[in-house]
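The values are calculated or read from the model by the stated rules, or taken from the named source; none is laboratory data. What you see is a predicted model; the values in this text were computed from it and never measured. Using ideal geometry, Cβ is built from the backbone for each residue, glycine included, and neighbour counts are taken over all protein chains shown. The protein model used for the area step is the full one, side chains on, heavy atoms only, and it has no ligands, DNA or RNA in it. Shrake-Rupley method; radii C 1.70, N 1.55, O 1.52, S 1.80 Å.
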Amino acid sequence: MGAVPVQMDLARIIINENSDQHIIFLKEVDGERMFPIVIGIFEATSIDRRVKNQPTARPLTHDLLASVIDALGGELQDIHVNELHNHTYYAKLRVRRDGELIEIDSRPSDAIALAVAVDVPIYVAEDIIDEAMNQ
């Protein structure tokens, strides 16, 4: 993981009907810094449904993943956006199981959608925030 992790909140979702680029903004919990991440329509609508408490008739992929983690005896502890290379963010799902912390590679959009679904903290490495804000 990069530098010190900073807790972030999902501040805004922009779903652009005329484009396949949708944007979420993460804002630090105890500060003013905020930055965008471009995501796909599936993740954007999944996050948007969760934020608006809109139920679905059947579990969506992020609900399924949460159920699988739970059924296998794990608990999603948090997610970390921990790398940025060539304008691409990388994240980890951090699952606690039997006292062990398991880190699973994830696209940030999927990790954030899962964090919103399960209501766990979102962390971003300090150096990633600085780099993202200077792009």
20 °C / 1.002 mPa s Stokes-Einstein diffusion coefficient of region 64-135, Kirkwood radius on C-alpha pairs, µm²/s: 170
In whole angstrom, and with the biggest value first, how far do the Cα coordinates of region 1-52 range along each principal axis? 36, 23, 19
Given springs between every Cα pair under 10 Å in a Gaussian network model of the chain, which of 44, 66, 111 has the largest fluctuation? 66
Dipole magnitude of region 51-119, debye to nearest 20 (Cβ charges: Lys/Arg +1, Asp/Glu -1, about Cα centre): 240
When the chain is fully extended, how far beyond the present Cα-Cα distance does residue 64 get from residue 88, taking 0.36 nm per residue of separation? 6.1 nm
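So if a site counts as exposed when it's one of the GluC sites (Glu not before Pro), its DSSP state isn't H, G, I, E or B, and it has at most 14 other Cβ atoms within 10 Å, what's the longest stretch of the chain without one? Don't skip to the end; give the middle numbers.
On the way: sites that count: 17, 32.
Maximal segment without exposed cleavage sites: 33-135.
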Alpha-carbon centroids, region 12-51 and region 65-135: separation in whole Å: 15
Relative contact order (%) - the chain, alpha-carbon pairs under 8 angstrom, separation at least six: 28
Show the residues, 5+ positions off or on another chain, whose built amide H is closer than 5 Å to the amide H of residue 22. 39
How much accessible area per residue does the chain have, in Å², with a 1.4 Å probe? 58
For region 91-101, just list the computed ³J(HN,Hα) in residue order, Karplus coefficients 6.51, -1.76 and 1.60, θ = phi - 60°, integers in Hz, with x standing in for Gly and Pro. 9, 10, 8, 10, 10, 9, 8, 6, x, 9, 9
Using the Karplus curve 6.51 cos²θ - 1.76 cosθ + 1.60 with θ = phi - 60°, work out ³J(HN,Hα) for each residue of region 104-110 in order, rounded to whole Hz, and write x for Gly and Pro. 10, 4, 8, 6, x, 4, 5
Calculate, for residue 127 and residue 19, the FRET efficiency according to 1/(1 + (r/R0)^6) with r their C-beta to C-beta distance and R0 25 Å; round to the nearest 0.05. 0.25
Grab the DSSP H runs of the chain that are 4 residues or longer, score each as -39,500 (n - 2.57), total them, divide by all residues and round the 222 nm result to the nearest 500 deg cm²/dmol. -9000 deg cm²/dmol
